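This report concerns only the one structure given below.
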Amino acid sequence: PRQLDDSRLLVGSEDMGLRLLNVSREGETWKTSEAWTTGDMKPAYNDFVVVGDVAYGFDKGIFCSVDLATGKRLWKGGRYGYGQVLLLKPQNVLVILSERGEVALVAANPKKHEELGRFQAIEGKTWNHPVVGRGKQRGIKIGEITYDEIPKELLITVVPDSDRDFVIKTVIKAA
């Protein structure tokens, strides 16, 4: 689930799709109402991210975007399998770790699927979540694009589930 603001919550699953809920409180009573439900994105156990009024994530094994105002799909493209996605906020770039171990950089563009580059990060199948690092690297070339300065978020480390809590605590402590 993603809390969008003080009164909206976005939840998703492979069975129900994506659902936007309005949440309010009247005295001691909490109330919820459904703004919309869509089958245009079924994130299963995959991540989805929100940039402005658009959600980016997986409809099963294909990446897509959904307009948060209407619940309608804006585009669908990029076959990454059951991968995971992470947002590089300052650059407005989505880092997608495919289940085949490839990393794809995709522009957070509500108009179209725009892959900026791709590289093989690990060998074999993975459903693990990427871990974010801090700092910057210089002179990195990804596909046809050379970045003079790029966040270390692109230096993705894939962590086994058994080590996830330790790594999360370490990253939070370092932040």
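At full extension, Arg25 and Leu4 could sit 5.9 nm farther apart than now, given 0.36 nm per residue minus the alpha carbon distance.
Taking every protein chain into account, the 1.4 Å probe leaves Met16 with about 60 Å² of accessible area, to the nearest ten.
Note on Lys112 and Lys72: their simple-model spin labels are 1.9 nm apart, each label 7 Å out from Cα toward Cβ. Taking 20 Å as the limit for the C-alpha separation, the pairs Lys89/Lys125; Lys76/Lys112; Lys42/Lys89; Lys60/Lys112; Lys31/Lys89; Lys89/Lys112 exceed it in the case of Lys89/Lys125; Lys42/Lys89; Lys31/Lys89. With the largest listed first and rounded to whole Å, the semi-axes of the equivalent ellipsoid of the stretch 1-61 from the Cα gyration tensor are 23, 12, 9.
The values are calculated or read from the model by the stated rules, or taken from the named source; none is laboratory data. What you see is a predicted model, and the numbers here were worked out from it, not measured in a lab. FYI the Cβ positions are ideal-geometry reconstructions off the backbone, even for glycines, and counts take in every protein chain you see. The accessibility values were calculated without ligands, DNA or RNA, using every heavy atom of the protein model including side chains. Shrake-Rupley method; radii C 1.70, N 1.55, O 1.52, S 1.80 Å.
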